[in-house]
Amino acid sequence: MPTGTVSASQGTPSTEDVQDTQDDSDGDTLIVALDKTATWKNGVAAHLGDFSRGTSGEYASPSGEAYLAFSVTLRNGSKTPLDLSTVSLSCPDGAEQVFDSDAGLNGLPDAHLLPGKSQNWKEACVFPKTARNAQIEITPTDTSGDSWYRTAIFTGEVR
């Protein structure tokens with residue numbers, strides 16, 4: 001059951017990370033502020049937003065846990081379809097993902113995202129009510145074999 005929206009701040013990423021979009025031109029990972037967009041070299045982009053806190057319901061997995069919910073928007077700017085069911089999403093400090101159909105938290109879509117299209121869905125991670133710093137990692141998987149994806153690490157403070 002959602003209990004209200006929270007705001008996300010940029011936290012302490014470096015000045016190069018506070019732009020609206022962070023691309024993957026260097027390194028093994030992209031470090032992106034929670035409220036910014038990660039863009040991979042082939043044009044695939046991910047954005048997190050609509051942060052809120054809640055407590056998972058009786059029939060959720062896990063049940064009765066405080067969580068941080070957020071929307072994920074993935075835009076396929078590449079030339080090949082992207083299999084959303086193979087996207088890897090990791091919660092703060094390895095916390096468990098929350099699946100609560102009553103709250104619209106059903107996990108990754110089981111679909112292919114065609115070039116030029118976007119998909120939006122809700123995710124949630126177990127997140128203590130007193131926690132403030134979040135780190136959410138997203139790694140698309142390329143099944144075409146044309147390229148590879150670095151992990152985008154979204155980090156910052158939620159209030």
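Roughly how many debye, to the nearest 20, is the charge dipole of segment 28-159 about its Cα centre, given +1 on each Lys and Arg Cβ, -1 on each Asp and Glu Cβ, and no other charges?
The calculation lands at about 520 debye.
Counting other beta carbons within 10 Å of each Cβ, put TYR149, TYR67, TYR59 in order, fewest first.
Ordered by Cβ neighbours within 10 Å, fewest first: TYR59, TYR149, TYR67.
At R0 = 30 Å, how high is the FRET efficiency between GLU58 and ARG159 if r is their beta carbon distance? Nearest 0.05 is fine.
Working: r = 28 Å, r/R0 = 0.93.
Efficiency at R0 = 30 Å is approximately 0.60.
Give the residue from THR73, SER63, VAL98 lying farthest towards the positive end of the charge dipole for segment 32-129; charges sit on Cβ (+1 for Lys and Arg, -1 for Asp and Glu) and the dipole is referred to the Cα centre.
Of THR73, SER63, VAL98, it is THR73.
Arranged by the count of other C-beta atoms within 10 angstrom, fewest first, what order do ASP93, ASP100, ASP83 take?
Fewest to most other Cβ atoms nearby, the residues stand as ASP93, ASP83, ASP100.
Using a Förster radius of 25 Å, what is the FRET efficiency between SER90 and LEU114 based on their Cβ-Cβ separation? Nearest 0.05, please.
According to the calculation, E is roughly 0.45.
Under a plain spin-label model, where a point goes 7 Å from the Cα along Cα-to-Cβ, how far apart in nm are LYS129 and ARG150?
3.9 nm
What order do you get for VAL126, VAL72 when you list them from fewest to most C-beta neighbours inside 10 Å?
The order, fewest Cβ neighbours first, is VAL126, VAL72.
Values in this text are rule-based calculations from the coordinates and carry no lab data. All figures in this text were calculated on a predicted structure; none of them were measured in a lab. Positions of Cβ are generated from backbone atoms using ideal geometry, with glycine treated the same way; all protein chains shown enter the neighbour counts.
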